[in-house]
Amino acid sequence: MPLRPVLCLCIVAFGFQQTRAEDPYDLPPINYSASTPNNPITRLQQNIDSGRVRLKSTPSHGYLPSVLKALKIPQSSQCLVFSKTSLQLRRISPQYPRSIYFNDESYIGWTQYGVVVEVSVADPVLGTVFYSLAQKETEKPQFVRRTHDCLSCHGSTMTRNMPGHLVRSVFPDARGHPILKAGSLITTQNSRFNERWGGWYVSGTHGRARHMGNAIARPTEQGAVIDSTSGNNVTDLSIIFDTSPYLTPHSDIVALLLLQHQTEMHNLITSANIEVRRALYRQENLNAALGRPRERRTPHTQKIIDSHGERLLRYMLFADEQELLAPVRGTSRFADEFRQRGPRDSLGRSLRDFDLKERIFKFPCSYLIYSDSFDQLPELVRDYVYRRLHDILTLAIVDKFDDLTRAQRKAIYQILLDTKKGLPAYWKKN
């Protein structure tokens, strides 16, 4: 049965409009474009410049394998997208999909015969930062930061006016062009399963559930339709296109689920970081002008802190996650490699343990709680999340997280006690 808009991920799509000087992330105290980033790419570049790391180019993939190795990004994370929604769109089609690789912090995009490797990375202070790496071989390759050309899409209303990742639903035609009159849809882990992965190749099984991957849309007078019966439960993508030019023959459904979760999680962390810092900056200026104590907060400022903290908390606890309609199983080593990364508590449990029957994780609390981006959130919003998380997991309050069983709450609490550094002292008193 034909369905409406489907998922097409644009991790590092470069646009053509210029950002405006009044964009919130380019104003004090953020000064996004003028600030010096500090993230895995800047550290890798320092190692390249000093000679501690040398990137090697290969005839078939350029710098891609070497970059993945340097950033500790597994090849099994490969996801393949064939819609024309990125910088090198002329080189992308259903026959030549773009590959995306990722870990907890970094995202790498590669296109056959492409002139650059595309990069986006979670910067703990600035949010998402974008780079390109020319594929032309040189002694010391340079990651070039991209700002205005990326932010026209990745710093717009589609990303809450923050530098972020963009996950869009489109209808791809036979050449990979989105059928624009069909509209578009931003999707997350909360989206319905049958609205996901249009314009993507998907390898894996998922029973009776239906997604929109591995399929071409057909234009209509009203917009477009796509056949939701084809392209499902595909375990061998080579029957659709030539997979031999890629590092692996997979576009693993489990990797796609994780990619969908963590891009939005990064966006919410960025939004909380920037908006709370801006609110506190305005508050401090107001306090100074009125001769009030520097730390004084108005109800409006507190509301901003609380609202961003609550939004982040709900997403990290998968409060509105769409239930899986059937068990999901990938085709690569991705699930095993991801699970092995831990950390694990004294009973061997981890926030990276999968369920993949009814939901993504066995213990539904985002593993990005271990990230530098979370740890460097403004103290007030981070403390809000810690307090609410503590009270929810210990049943200290009546809450609306009905999907969390008592057993899950207890397990998540114990896992965090054993594995998460920097927890407030009151966590250890229960």
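Tabulated results
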| item | result |
| --- | --- |
| Some residue of region 333-345 being within 28 Å of Gly62 (Cβ to Cβ), among the aromatic types (Phe, Trp, Tyr) and either in contact with a Phe, Trp or Tyr (Cβ under 7 Å, 6 or more places away or on another chain) or in the same structural domain as Leu404 (by TED's automatic domain parsing) (or both) | yes |
| Residue in region 196-220 that is modelled with the lowest pLDDT, counting only those that are in contact with a Ser or Thr (Cβ under 6 Å, 6 or more places away or on another chain) and over 16 Å from Ser93 (Cα atoms) | Arg210 |
| Residues (crowded, with 23+ Cβ neighbours inside 10 Å and either of a type in the set (Lys, Arg) or at positive phi (or both)) located in region 85-110 | Arg98 |
| Odd one out for Ala289, checked against (1) more than 29 Å from the chain's Cα centre (by Cα); (2) closer than 30 Å to Leu351 by Cα; (3) among the aliphatic types (A, V, I, L, M) | (2) |
| The listed residue being free of Cβ contacts under 8 Å to residues at least 60 places away in the same chain and either surrounded by fewer than 16 Cβ atoms within 10 Å (Cβ to Cβ) or outside the structural domain of Glu195 (by TED's automatic domain parsing) (or both), out of Asn273, Asn287, Asn267 | Asn287 |
| Options Phe374, Phe338: the member that is within 21 Å of Pro29 (Cα to Cα) and either among the small types (Gly, Ala, Ser) or part of a helix (DSSP H, G or I) (or both) | Phe374 |
| In region 47-84, residue farthest from Ala122 (Cα to Cα) [restricted to those that are free of Cβ contacts under 8 Å to residues at least 24 places away in the same chain and under 25 Å from the mean Cα position of the chain (by Cα)] | Ser66 |
| Number of the exception - Phe401 against (1) modelled with pLDDT of 95 or more; (2) outside any helix (DSSP H, G or I); (3) surrounded by 13 or more Cβ atoms within 10 Å (Cβ to Cβ) | (1) |
| Subset of region 237-248 [farther than 28 Å from Leu180 by Cβ and in contact (Cβ under 8 Å) with a residue 40 or more places away in the chain] | Asp242, Pro245, Tyr246, Leu247, Thr248 |
| Lys362 buried (at least 16 other Cβ atoms within 10 Å of the Cβ) and in the same structural domain as Arg409 (by TED's automatic domain parsing) | yes |
| In region 221-234, residue surrounded by the most Cβ atoms within 10 Å (Cβ to Cβ) [restricted to those that are assigned to a loop (DSSP other than H, G, I, E, B) and at pLDDT 90 or above] | Gly231 |
| Test: residue in region 411-422 that is free of Cβ contacts under 8 Å to residues at least 40 places away in the same chain and either in a helix (DSSP H, G or I) or β-branched (Val, Ile, Thr) (or both) | yes |
| Positions within region 373-418 being in contact with a Cys (Cβ under 7 Å, 6 or more places away or on another chain) and of a type in the set (Gly, Ala, Ser), in sequence order | none |
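To keep it simple, each residue is scored yes or no on (1) at pLDDT 95 or above; (2) outside any loop (DSSP other than H, G, I, E, B).
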residue	(1), (2)
Gln17	no, no
Ala21	no, no
Pro29	yes, no
Tyr32	no, no
Pro37	yes, no
Ile41	yes, yes
Leu44	yes, yes
Val53	yes, no
Pro65	yes, yes
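The values are calculated or read from the model by the stated rules, or taken from the named source; none is laboratory data. Everything quoted here is computed from the prediction, not taken from an experiment. Because the Cβ atoms are built from the backbone with ideal geometry, glycine has one as well, and the counts that use them run over all protein chains shown.
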